[in-house]
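Nothing in this text is a laboratory measurement; each read-out follows from the coordinates by a stated rule. Quantities reported herein were computed from a predicted structural model and do not represent experimental measurements. Cβ sites come from the backbone with ideal geometry, for glycine too, and all protein chains shown count toward neighbours.
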Amino acid sequence: SKIDLETIAEWWNIPYPESFDTSQLKTQGFIHVKGNQFVDASGKHFVFRGMNIASPDKLLKQGQWKKSLFAELKDWGVNTIRLPVHPIGWRSSGKYNYIELIDEAVVWANELGIYLILDWHSIGYLPNGLFQHPMYKTNVQETMEFWQFVAARYKGVPTIAVYEIFNEPTDMGGKAGTADWLEWKAFNEQVIDVIYAHDKQVIPLVAGFNWAYDLTSVIEHPIEREGIAYVSHPYPQKAKPKPRTKDAVYASWTEKWGHVSAKYPIIATELGWVEEGGFGAHIPVIDDGSYGPWIIEYMEARNISWTAWCFDPEWSPTMIHDWDFKPTEQGKFFKKVLQAY
Amino acid sequence: SKIDLETIAEWWNIPYPESFDTSQLKTQGFIHVKGNQFVDASGKHFVFRGMNIASPDKLLKQGQWKKSLFAELKDWGVNTIRLPVHPIGWRSSGKYNYIELIDEAVVWANELGIYLILDWHSIGYLPNGLFQHPMYKTNVQETMEFWQFVAARYKGVPTIAVYEIFNEPTDMGGKAGTADWLEWKAFNEQVIDVIYAHDKQVIPLVAGFNWAYDLTSVIEHPIEREGIAYVSHPYPQKAKPKPRTKDAVYASWTEKWGHVSAKYPIIATELGWVEEGGFGAHIPVIDDGSYGPWIIEYMEARNISWTAWCFDPEWSPTMIHDWDFKPTEQGKFFKKVLQAY
Amino acid sequence: SKIDLETIAEWWNIPYPESFDTSQLKTQGFIHVKGNQFVDASGKHFVFRGMNIASPDKLLKQGQWKKSLFAELKDWGVNTIRLPVHPIGWRSSGKYNYIELIDEAVVWANELGIYLILDWHSIGYLPNGLFQHPMYKTNVQETMEFWQFVAARYKGVPTIAVYEIFNEPTDMGGKAGTADWLEWKAFNEQVIDVIYAHDKQVIPLVAGFNWAYDLTSVIEHPIEREGIAYVSHPYPQKAKPKPRTKDAVYASWTEKWGHVSAKYPIIATELGWVEEGGFGAHIPVIDDGSYGPWIIEYMEARNISWTAWCFDPEWSPTMIHDWDFKPTEQGKFFKKVLQAY
Ligand SMILES: [Mg+2]
Ligand SMILES: [Mg+2]
Ligand SMILES: [Mg+2]
Ligand SMILES: [Mg+2]
Ligand SMILES: [Mg+2]
């Protein structure tokens, strides 16, 4: 039963939102930032490795929102699942309904010893209010309010280790106006302040421009808050060296985002590929398969965390062909990599 | 029949809003600011003394929106009633429907010789778009539009003497971001300009931070507009001196807001208490009852106007137990105080 | 069938908007800005001359949205039709539905060799979020998004020659706050940048204050973008010289907006009159009829383009009495003027 806060007859009886009851969770250590890495509760280095799933509300409507999905991912070897929350889904479900799904994700992940990355899954340039598609439409107030609400609810919950503030900032080459790093930095700092006023035991994750690829502004103008990490989405066609040798691709990655890993922790929360002509092939995810080993080797050599996209048969590049979890080409690859840890 | 301006079929036939017809009112003098006090039409000092009621749309839905409510308050001795308009109620009723209630309040109050304070009843920090509860959610555009609409409608109506721009500004200790007085001051000045462009015979009322308690920025950075007043909500637990002597509480009040009364007029539009464990007891309204005489003596010594909270059996601290108007502890106290004038 | 993007069940299947298929159009030259004039594809001076119609969605609901309306206008001699899109209509129809109407207008106008001016028909001061009537209510995000969406759809379509960014900016003498030219200029430049990132073969049209009348700030602080034009709405009562001689009216027009035509191209996208007591007579459109020849002579002497208001029997000043297209007083006049070209 969907709660519509705006039309509820007795608005004066809307309850104050409650925090998630952490007593139902089993012990799971908090992950923190230390230098350019993550550490667990015992101070040991920790690397997030895992996969994205589709949006919880999409999975619910398709009858696939169940603990067995998380268990399958555990079997594939993930220690982390990323939950992309699309603004259009957040609004159409209603926040009080949507958090019931996130609550379930917390319980399931906690039981399985998995961490969650909660991602506000928009694409565009938020300060200009312009986006790539109606799915991604939001505004500054809604985005701030989302993080205020989420931070209040999941305070003290170790399972949701990371808050990814905004999935893919981009001005789309001017089609969303002009993006400005100092403006974007200030906005992210505001969101981090609201999160930290509720909960200091969570890692805010900040993205750069070019669809969360480019982190070149970070060294000169870092986010001036402690305990945060940066994100990149290094899909294969983002780096375009000619000729496309492994060394040249590595140099390109290092120049655009990898160099930041020397100073700050990084999570590549989206990566993956599909062969040309394959299901859902589109720029920038098309690759002949050489990308897989390259990106894994690159990230592992630098302690860069990662969650591949996407453990869903519809959202490309797909990891599975169907709901029997039959792996795709990249699915086989990432399953093998994950299970080796 | 609720008018939804956004989905009306023939939007090109939506009429222009009309101003309230003042010819239906009996003579009632305009109240104005003079120095640090209010004066009536004859130039005599005037002090607003009265009570809050619940939101008109709440009372309507509960079958309690009637002139006899105002008459009962008249019998209790009020010269002023404060009407809190919650943004969620304004939106869900629709503005064209809501003003029918305010129109009725004007007619009833005018017949009884009572003044009204119209209050945009939000809690949070509006420039950041973050609030304490869904009831209080609004935004800058809606708030400006509310005052534009109200000022156009009630131009020349002496009965609504005061426009309280924003009930309780607060950044909730960072949970609503960071509040900034100069930003807040500029916003209030913009609203006042829109009000004054419609109607100069009304008193805009400006609140400070800490849930409309703290006015310490006002002396150095006052609102640079004539004819306005300031508001404080001095609930008992806002002042926390130890030991809690009357002198220490007075000193605390003077430091945080009372000193402003030497230079500008003040209305304490909310105040009241309930005993620990009493109905609706919550911070900051809990007190053993010593608060009542203290705050009245403090305000009266400084010509500070006031409206106590709340002449409703559900909204705490309550003044009445039920709709037979059986007074609560504070109800008995304030009734006696008011009837003595 | 109305598409509501916010409540659609499978939001993940909302298609990406497609661009208009230009292959269905016959050849029609692009109009461009050259110096202070417009030129056609062959470089010859071009003057837009035509009329406004009512909003496409209004005409649709009234059974008058048909190609024969455009054909009648062609018969009256127009080379241009202005389409006013009211924000309330855009929202209530839904953008995916509304562009079906604009698509039809493009096809009809193209077949008839007519150009279109697409007009975001709001009145008020957008940066303050305050408007003259609910019909005109919008906000910065919606306005930017409208132009982003429209520019993406009609890229490469010569028929829609002009994008009129905002119909009538005005702070209504303070009732919509305070308007500031540099703020307004910066906003228009942002919109132009978004348009040009999609389509450089269109002419953005920028309005000044006083309900799109006053262009006096343009010479000192022009819009710093190439290829744009300015607009004025010189309704008869905007100029108020005493005595009201032709020379005095001309001097007034030149002072407030006409002088800009020496440096930049101008389109008067609204003008017209009705006699006192005539249908829909209201300030500032009342005139005894001397206005018609004066304004035409004034504009033609300066190569100023124009579209008169309004080829509709309900929107005053009307050009027609009914849907048999019986001309009004001004209708007879403008028909004669247009047919002479
Ligand atoms: Mg910007
Ligand atoms: Mg956590
Ligand atoms: Mg008044
Ligand atoms: Mg402004
Ligand atoms: Mg075009």
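Across the range C:1-106, C-alpha contacts under 8 Å between residues 6 or more apart give a mean separation that, scaled by the residue count, equals a relative contact order of 28 percent. Backbone geometry of the range A:18-32 corresponds, through the Karplus equation with coefficients 6.51, -1.76 and 1.60 at θ = phi - 60°, to 3J(HN,Hα) couplings of 9, 6, 4, 7, 6, 5, 7, 9, 8, 4, 8, x, 6, 9, 10 Hz, x marking Gly and Pro. Projecting label points 7 angstrom from Cα along Cα→Cβ for residue A:42 and residue B:41 puts them 8.3 nm apart. Residue and whole-Å distance for the chain A Cβ lying nearest the axis of the A-onto-C rotation are A:139, 5.
Taking neighbour counts of Cβ atoms within 10 Å as a proxy for exposure, in what order, fewest first, do C:86, A:221 appear?
A:221, C:86
Please order A:163, B:115, B:16 by the number of other Cβ within 10 Å, starting at the fewest.
Lowest count first: B:16, A:163, B:115.
Summary for residue C:226: label point 7 Å along Cα→Cβ; distances to the equivalent points in the other copies, ascending, 5.3, 5.3 nm. GNM on chain A, C-alpha springs below 10 Å: top fluctuator among A:73, A:126, A:59? Maximum among the listed residues: A:59.
Note on C:334, C:131: ascending count of other Cβ atoms within 10 Å places them as C:131, C:334, the fewest first. Backbone amide hydrogens, once placed in the peptide plane, bring residue B:206 within less than 5 Å of B:229, B:230, B:231, excluding anything fewer than 5 places away on its chain.
Coupling constants for the range A:127-137 follow from the phi torsions by the Karplus curve (6.51 cos²θ - 1.76 cosθ + 1.60, θ = phi - 60°), and in residue order they are x, 8, x, 10, 9, 7, 6, x, 4, 9, 5 Hz; glycine and proline get x. Exceedance of the 30 Å cut-off in Cα-Cα distance is limited, within the set C:26/C:58; B:256/B:326; A:200/B:246; C:44/C:240, to B:256/B:326; A:200/B:246; C:44/C:240. Amide H contacts under 5 Å for residue C:306: C:48, C:49, C:50, C:268, restricted to partners 5 or more places along the chain or on a different chain, H placed in the peptide plane at 1.01 Å from N.
Straight Cα distances below 16 angstrom link residue A:335 to the aspartates and glutamates A:72, A:75, A:270, A:297, A:300, A:312, A:322, A:324, with same-chain residues fewer than 8 positions distant left out.
Using a 7 Å projection from Cα along Cα-to-Cβ, the label point at residue C:237 is separated from the same position in the remaining copies by 6.0, 6.0 nm, smallest value first.
Over chain B, the hull volume per residue, using the convex hull of the C-alpha atoms, is 137 Å³. Between residue B:219 and residue B:242, take the C-beta separation as r, use R0 = 25 Å, and let me know the FRET efficiency to the nearest 0.05. For residue B:219 and residue B:242, the calculated efficiency is 0.40. For chain A, the longest principal axis of the Cα atoms and the long axis of helix A:291-301 meet at an angle of about 80 degrees. Between helix B:95-112 and chain B there is an angle of about 60 degrees, using the helix long axis and the longest principal axis of the Cα atoms.
In sequence order, the range B:115-121 has phi-based couplings of 9, 10, 10, 9, 10, 7, 8 Hz under the Karplus curve 6.51 cos²θ - 1.76 cosθ + 1.60, θ = phi - 60°, and Gly or Pro positions carry x. With its label point defined 7 Å out from Cα along the Cα-to-Cβ axis, residue A:45 lies at 7.6, 7.6 nm from the matching points of the other copies, in increasing order. The angle between the Cα long axis of helix B:67-76 and the longest principal axis of the Cα atoms of chain B comes to about 20 degrees, rounded to the nearest 10. Can you grab the distance from the C-alpha centre of the range C:86-112 to the C-alpha centre of the range B:306-341, Å, no decimals? Computed from Cα coordinates, the inter-centre distance equals 58 Å.
For q values of 0.06, 0.07 Å⁻¹, compute log₁₀ I(q)/I(0) with the Debye formula on a Cα-only model of the protein assembly as shown, without solvent. Evaluating at q = 0.06, 0.07 Å⁻¹ gives log10 I(q)/I(0) of -0.54, -0.74. Annotation: amide H of residue B:116 within the under-5 Å range of B:81, B:160, B:161, B:162, sequence separation 5 or more or interchain, hydrogens built in the peptide plane.
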